[in-house]
Amino acid sequence: MNTRTRLFRGVLTLALVITLLFLLIPIAALLLQVPVRELPALLRETAVTSALLVSLKTSLIANVLFLAIGTPAAYLMALGRFRGRPLLLTLIELPLVLPPAVAGIALLTAFGAFGLLGSTLAQFGVVLPFTQAAVVIAVTFVAAPFYLRAAIAGFSALDRNQLDAARDLGASEAVVFRRIALPLAADALRAGWAMAFARGIGEFGATLLFAGSVASLTETLPLAVYAQLDVDFNSAVAVSILLLAISGGVLLVAKLPPLWSLTPTSPPVGGW
């Protein structure tokens, strides 16, 4: 190894060390702020437990929504070739780059009392802002694009020959989607879901503007952190650690070994 190569590798190593230190020092400081023995008591506080329940409930509903609707939508976007596709892809990804406050204002102008759809919904007695349903909508709006983007990429990477072979063997489009495409794209879908869940559970700005912060109703864990800052800093840190643990656990799930190893060379016994 010559001097230039060693020097270049040294620069790469230094860059990696600086990056890791920059990212890990704040996390380490957060974990060291509150003694471990005090965490259980802090996390048992009513404000924390109620915010946890609201977060888990709304995130679960939001995840069911974007998984159930977003998965077939991503499949169509990945395999379809139609006019306006690049524009649709841009619109799907747009919430990724919207500032949280803008996302909240957008939801208000769409579903608020005098919004684009809100006034019509109000005539049927449906009021969304500052309700738990608003939390679900806000979480879905900011988190779903993370899942959709990964799902579209996963379905786009499928071997079209395998899908065509299944069709040639008599499989319907629904069967190809359910029995071939979903298993083959499962790991991309799982990674996208993990990113979407972590983004949704940590959503703050859009939720605050569209759903407010009402204890036991719309106050999620991130909103509880904000509320506890002026009341009990250690409690705010404890909730932050809880969010860190949830998000970290979900990201680890995305890095588990592949779920399926499927080579659909022939139909199952008994046909499709």
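So here's what we get for this one:
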item: Selected residue (only one of 111, 124, 82 is buried (at least 17 other Cβ atoms within 10 Å of the Cβ) and of a type in the set (Phe, Trp, Tyr)); result: 111
item: Filter result for the condition that a residue is among the hydrophobic types (A, V, I, L, M, F, W, C) and closer than 30 Å to residue 245 by Cβ, over 11, 97; result: 97
item: Filter pass, residue 111 being aromatic (Phe, Trp, Tyr) and at pLDDT 90 or above; result: yes
item: Residues that are outside any helix (DSSP H, G or I), exposed (fewer than 14 other Cβ atoms within 10 Å of the Cβ) and either in contact with a Phe, Trp or Tyr (Cβ under 9 Å, 6 or more places away or on another chain) or of a type in the set (D, E, K, R) (or both), drawn from region 20-57; result: 44
item: Of the criteria (1) in the same structural domain as residue 245 (by TED's automatic domain parsing); (2) assigned to a helix (DSSP H, G or I); (3) free of Cβ contacts under 8 Å to residues at least 40 places away in the same chain, which one residue 11 fails; result: (1)
item: Breaking point among (1) surrounded by 15 or more Cβ atoms within 10 Å (Cβ to Cβ); (2) modelled with pLDDT of 95 or more; (3) not assigned by TED's automatic domain parsing to the domain that holds residue 239, for residue 17; result: (1)
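The values are calculated or read from the model by the stated rules, or taken from the named source; none is laboratory data. Just so you know, these numbers come straight off a predicted model, no measurement behind them. Every residue, glycine among them, receives a Cβ derived from its backbone with ideal geometry; neighbour counts consider all protein chains shown.
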